[in-house]
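The values are calculated or read from the model by the stated rules, or taken from the named source; none is laboratory data. These figures come from a predicted structure and were not determined experimentally. FYI the Cβ positions are ideal-geometry reconstructions off the backbone, even for glycines, and counts take in every protein chain you see.
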Amino acid sequence: MQRTKWIERKFNFDFPSGLFPVVLERLRGTTARLKDLTSTLSEANAEFKPGDKWSIKEHIGHLSDLETLHEGRIEDFLARKETLRAWDTTNAETNNANHNQATISDLIDKFYNKRKTFIARLEQLNDETHEVKDIHPRLKVPMRPVDMAYFTAEHDDHHLTSIRELIP
């Protein structure tokens, strides 16, 4: 089956804010899933680049790189911005980071520490902020913090699937 490209995905954010704890649990689980997926991989296998696509290490690094964007979007909600900050469509940070030079363990640890901070920031949001709706710049739909967290979890799953497809 041909997998839908991330940038072609559409989202409906019509679920209740009360799903926030469930979505947070998904976000917490990404690190464990990364560890499980890569537990038997050699560093060389994790560095393999099929054509001009990212390696497993680059996918992990990309997840870590985007944590800054996610935290920035929390700031956007707190500032009651009309539109959330945009993602760099060139993925320059990931493409220039040399993630293949790091170990799998170091990449996952870096991601874990950044994700832990992101989750802690989400947990600190008050009820009023949880109801704020800002426009997602690419999707052109309103998002609440729970929607942004769900979108992030879906993005995590997209890259976890890409990693699984690269495992020899």
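Couple of notes before you dig in:
- Filter result (in a loop (DSSP other than H, G, I, E, B) and in contact with a helix residue (DSSP H, G or I) (Cβ under 8 Å, 6 or more places away or on another chain)) within region 114-135: Leu125, Glu131, Val132
- Just one of the listed residues (Thr90, Thr83, Thr129) is over 26 Å from Asn12 (Cβ atoms) and among the hydroxyl-bearing types (Ser, Thr, Tyr), namely Thr90.
- Looking only at region 111-128, and only at residues there that are surrounded by fewer than 17 Cβ atoms within 10 Å (Cβ to Cβ) and of a type in the set (Lys, Arg), the one that is nearest to the chain's Cα centre (by Cα): Lys116
- Arg138 falls short on exactly one of the conditions (1) exposed (fewer than 14 other Cβ atoms within 10 Å of the Cβ); (2) outside any loop (DSSP other than H, G, I, E, B); (3) over 15 Å from the mean Cα position of the chain (by Cα); (4) not small (Gly, Ala, Ser), and that condition is (2).
- In the condition set (1) closer than 28 Å to Pro168 by Cβ; (2) under 13 Å from the mean Cα position of the chain (by Cα); (3) touching a residue at least 40 places away in the same chain (Cβ under 8 Å), Asp65 is compliant with all but (3).
- Matching entry among Asp147, Asp156 (being within 12 Å of Phe77 (Cβ to Cβ) and either basic (Lys, Arg) or in a helix (DSSP H, G or I) (or both)): Asp147
- Of all residue pairs spaced 6 or more apart or on separate chains, those with beta-carbon atoms under 7 Å, a first member in region 20-31 that is among the polar types (S, T, N, Q) and a second member that is modelled with pLDDT of 95 or more and part of a helix (DSSP H, G or I) are Thr30/Arg115; Thr30/Asp156; Thr31/Ile108; Thr31/Phe111; Thr31/Tyr112; Thr31/Arg115.
- Scanning region 111-130 turns up one or more residues that are of a type in the set (Val, Ile, Thr) and farther than 30 Å from Lys49 by Cβ.
- Boolean, Phe111 is part of a helix (DSSP H, G or I), within 26 Å of Glu25 (Cα to Cα), hydrophobic (A, V, I, L, M, F, W, C) and touching a Ser or Thr at 6+ places or on another chain (Cβ under 7 Å): yes
- Looking only at residues of region 13-39 that are in a loop (DSSP other than H, G, I, E, B) and over 18 Å from the mean Cα position of the chain (by Cα), we find that the one that is surrounded by the most Cβ atoms within 10 Å (Cβ to Cβ) is Phe15.
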